[in-house]
Amino acid sequence: MPAILEVNNLTKTYPNGVNAVKGISFSVNKGEVFGILGPNGAGKTTTLEMIEGLRPITSGTVLLDGIKTEEQPYLIKQRIGIQLQSSAFFQNLKLTELLKMFADLYGAQIDAAQLLADVGLQDKAGFLVKNLSGGQKQRFSIATTLVNKPVMIFLDEPTTGLDPQARRNLWELIAQIKNRGTTVILTTHYMEEASFLCNRVAIMDDGKIVALDTPDQLIKQLLAKGFVPHTEVPPATLEDVFIDLTGKTLRD
Amino acid sequence: MNQNTRSFLALTKASLKMYYRNKGAIIFTLLIPVALLSMFGFLSSGRGPRIQVGLTNKASTEMAQQFVAALKGVEAFNIREATETDAAKELGKGDIDLQVIVPENFGKTEDGKPAASTIQTRFNKGRPQSGHMANMVIIQIVTGLDKKLTNAPTVLDVKSEGVAVNNLGYFDFILPGILSMSIMQLGIFGVAFSFVAMKASGALRRIQATPVHPVYFVLAQATVRLLVTLSTAVILLVFGTYFFGFHMMGSYVNFFLVCIIGILIFLGIGFAIAGWARDETQVAPVANLIQLPLLLLSGIFFSRDGFPTWLKTITDYSPLTYVSHALRKIANEGAGLTELPMDMIGMAVWVVLVYIIAVKLFRWE
């Protein structure tokens, strides 16, 4: 599969001397879901923001859909969709109005009702963002990234703070977007999410990529090193119990 | 349509919707100025700035009645009829500014000739300006009546265009002041809080994630504030004219032009604060620190004539002084823009200054 994104030796040093990203390189294939995992402060968000053209690059190159981010940040933004970690929107605007405004900013034509239906918010067209639940907010936020029919969308911790039902619901949405041919790059703290959604994952720590492969390969490599789980893994998890008891139905 | 224009229009439309759906902002920018204006309007229609005249008419002639009617016709006068002793007491207490006594023989004829008669006026030494002005008016009325009586041909005359002088009251002084205040508040508070809230919440960052340069959002916000300012001005003018008889002596075009320059200055200050601050808690103290002294020291509610010289000199340069002074000169005296060179230069310097400061202080995140 051809790469849609090539990141080469990307580095970020902030003016206060903090070296947040230390020369990382990776590529994302067209049509895949690529995950960046890592603890807080590992440099995930900074990496995304440099790729998106939201934050100046200290050194290294980013080639996205054939365009160098650093040279044409506005052209890059025209082709991608960005969901920020804190998904805040203008207050006092209805969902449809916000979607239309975003479409205008890209010069795009949209069917707002269809777009809302795609993310399961067809009944909320006249709502304000502040009246949505956490999961609905995230789904709306993803809808705003789709107004310009992007080649690639960036989701920064899309499921943080959601209940298990809302999280699973969002996984399905992301899988649908992938199935329609859009490349997805996301960051997450949840390993289960990464193994469910991601074709490949990069694990970041302290500004560096410490591993990059498919989830299965990473597990195999670990086992090959002779790793033994310190407890016996039960065939079901507590989350399975929770979902079994409370169901998969969305509560929002 | 050019994409930048389309983006600008979309952001302006969004900003306008956010504005009129924000009840607090509507109350703050439209209702409060109107309420303040009404308050001053009612105050000034009573005791307030009108000249209080205590009238004692001892004569019963037609001439005396004509004189009383003429006095009552002067808008700046508030006529109270009282006996001579009561009126004297009121003058002594400062309840009236001027006492007018029409003698018994006023307008009577003796032997077919008009009787010589003297109207006596006494005024409050503590408010000599009102007293003198009132005296002038009375002298004019009496002279007119005198001419009628003696049938003296009018040889010497003064053609005066100062029609306004007789009618202008405190309300005419206060309306441009309240409008200047709203312009300042709309500029500083109206933009600083909402903009910083969007910056702190990340809503502004979300706009930066689109291909639009965020400066278009700043322009959209400014455009909406400009529209709101002009609406406030129209509402205050219509309200003031209709209910309280506000007098516009000058050109509306010039008046609105000064409003626009004013909002440019105060929007610049608002954006400088919003651009510098990280969140709302940093906005309030700074905005108040700038706004309160301007509000109190720029002569918008009362004249700065009573200030010590040093304070008057400093406050001469306040942006709000320039704006309110220019609005007043236009509205009260019919001044054209070329007759206000100091105000125009002062405002121009402030516009340039605040935008340099705003650009220097601005942080997008």
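What number of residues within segment B:71-116 satisfy the criterion of being open to solvent by 40 Å² or more (accessible area, probe 1.4 Å) and in contact (Cβ under 8 Å) with a residue 12 or more places away in the chain?
Initially, segment B:71-116 is screened for residues open to solvent by 40 Å² or more (accessible area, probe 1.4 Å), giving B:72-73, B:75, B:78, B:80-81, B:83-86, B:89-90, B:92-93, B:95, B:104-105, B:108-114, B:116.
Filter once more, keeping what is in contact (Cβ under 8 Å) with a residue 12 or more places away in the chain: B:75, B:78, B:80-81, B:83-84, B:86, B:90, B:95, B:104-105, B:108, B:114.
Qualifying residue count for the region: 13.
Residue count for segment A:23-41, restricted to those that are surrounded by 16 or more Cβ atoms within 10 Å (Cβ to Cβ) and either in a strand (DSSP E or B) or not acidic (Asp, Glu) (or both): 11.
Within segment A:158-182, residues that are on the phi > 0 side of the Ramachandran plot reach partners that are of a type in the set (Lys, Arg) and open to solvent by 30 Å² or more (accessible area, probe 1.4 Å) with beta carbons closer than 9 Å, at six or more positions or on different chains, in the pairs A:GLY181/A:LYS30. Scanning segment A:63-106 for residues that are surrounded by fewer than 16 Cβ atoms within 10 Å (Cβ to Cβ), facing chain B (nearest Cβ under 7 Å) and more than 17 Å from A:ILE142 (Cβ to Cβ) returns a single hit, A:TYR74. Return the residue satisfying two criteria in turn: it lies in segment A:42-59 and is touching a residue at least 40 places away in the same chain (Cβ under 8 Å) and in contact with a helix residue (DSSP H, G or I) (Cβ under 8 Å, 6 or more places away or on another chain), and of such residues it is most open to solvent (accessible area, probe 1.4 Å). Among those that are touching a residue at least 40 places away in the same chain (Cβ under 8 Å) and in contact with a helix residue (DSSP H, G or I) (Cβ under 8 Å, 6 or more places away or on another chain), it is A:ARG55. For segment A:130-145, the condition holds for no residue, the condition being that it is buried (at least 22 other Cβ atoms within 10 Å of the Cβ), in contact with a Phe, Trp or Tyr (Cβ under 9 Å, 6 or more places away or on another chain), at pLDDT below 90 and within 14 Å of another protein chain (Cβ to nearest Cβ).
Determine, yes or no, whether B:VAL142 is aliphatic (A, V, I, L, M), within 13 Å of B:PHE67 (Cα to Cα) and buried (at least 19 other Cβ atoms within 10 Å of the Cβ). When the stated conditions are applied, B:VAL142 does not pass them.
Taken over segment A:182-214, the criterion of being open to solvent by 50 Å² or more (accessible area, probe 1.4 Å) and part of a loop (DSSP other than H, G, I, E, B) is satisfied by A:HIS189, A:TYR190, A:ASN199, A:ASP206. For segment A:108-129, residues that are touching a residue at least 40 places away in the same chain (Cβ under 8 Å) and assigned to a loop (DSSP other than H, G, I, E, B) total 3. Restricting B:VAL286, B:VAL258 to residues that are surrounded by fewer than 20 Cβ atoms within 10 Å (Cβ to Cβ) and either under 13 Å from B:PHE195 (Cβ atoms) or out of contact with any strand residue (DSSP E or B) (no Cβ under 6 Å at 6 or more places or on another chain) (or both) narrows the list to B:VAL286.
The lone criterion from (1) open to solvent by less than 60 Å² (accessible area, probe 1.4 Å); (2) under 18 Å from B:ILE188 (Cβ atoms); (3) among the hydrophobic types (A, V, I, L, M, F, W, C) left unmet by B:LEU296 is number (1).
With the requirement that a residue be among the β-branched types (Val, Ile, Thr), more than 29 Å from B:VAL212 (Cα to Cα) and either facing chain A (nearest Cβ under 8 Å) or open to solvent by less than 30 Å² (accessible area, probe 1.4 Å) (or both), what does segment B:8-33 give you? Before you say what the answer is, go through the steps one by one.
Our first condition is that a residue be among the β-branched types (Val, Ile, Thr); within segment B:8-33, this holds for B:12, B:26-27, B:29, B:32.
Within this subset, residues satisfying the condition of being more than 29 Å from B:VAL212 (Cα to Cα) are B:27, B:29, B:32.
Answer for segment B:8-33, where residues must be among the β-branched types (Val, Ile, Thr), more than 29 Å from B:VAL212 (Cα to Cα) and either facing chain A (nearest Cβ under 8 Å) or open to solvent by less than 30 Å² (accessible area, probe 1.4 Å) (or both): just B:THR29.
Take the conditions outside any helix (DSSP H, G or I) and of a type in the set (Phe, Trp, Tyr) and apply them to A:PHE102. Does it pass?
Values: outside any helix (DSSP H, G or I): no; of a type in the set (Phe, Trp, Tyr): yes.
Criteria not met by A:PHE102.
Residue-by-condition table, conditions (1) within 17 Å of B:LEU16 (Cα to Cα); (2) touching a residue at least 12 places away in the same chain (Cβ under 8 Å):
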site	(1), (2)
B:ALA192	yes, yes
B:ARG206	no, no
B:VAL212	no, yes
B:VAL228	yes, yes
B:ILE235	no, yes
B:TYR242	no, no
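If you go through segment B:238-254 and keep only what is open to solvent by less than 40 Å² (accessible area, probe 1.4 Å) and not in a helix (DSSP H, G or I), you end up with B:GLY245, B:PHE246, B:MET248, B:GLY250.
Screening B:MET1 against (1) under 29 Å from the mean Cα position of the chain (by Cα); (2) within 14 Å of chain A (Cβ to nearest Cβ); (3) in a loop (DSSP other than H, G, I, E, B); (4) hydrophobic (A, V, I, L, M, F, W, C) leaves a single unmet condition, (1).
Conditions (1) within 24 Å of A:ILE153 (Cα to Cα); (2) away from chain A (no Cβ under 14 Å); (3) part of a loop (DSSP other than H, G, I, E, B); (4) in contact with a Lys or Arg (Cβ under 9 Å, 6 or more places away or on another chain), marked per residue:
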position: B:VAL191; (1), (2), (3), (4): no, yes, no, yes
position: B:VAL196; (1), (2), (3), (4): no, no, no, yes
position: B:ARG205; (1), (2), (3), (4): yes, no, no, yes
position: B:THR223; (1), (2), (3), (4): no, yes, no, no
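The values are calculated or read from the model by the stated rules, or taken from the named source; none is laboratory data. All of these numbers come straight from a predicted model, not from anything done at the bench. Counting neighbours? That spans all protein chains shown, and the Cβs are built from the backbone with ideal geometry, glycine included. Heavy atoms of the whole protein, side chains included, go into the accessibility calculation; ligands, DNA and RNA do not. Shrake-Rupley method; radii C 1.70, N 1.55, O 1.52, S 1.80 Å.
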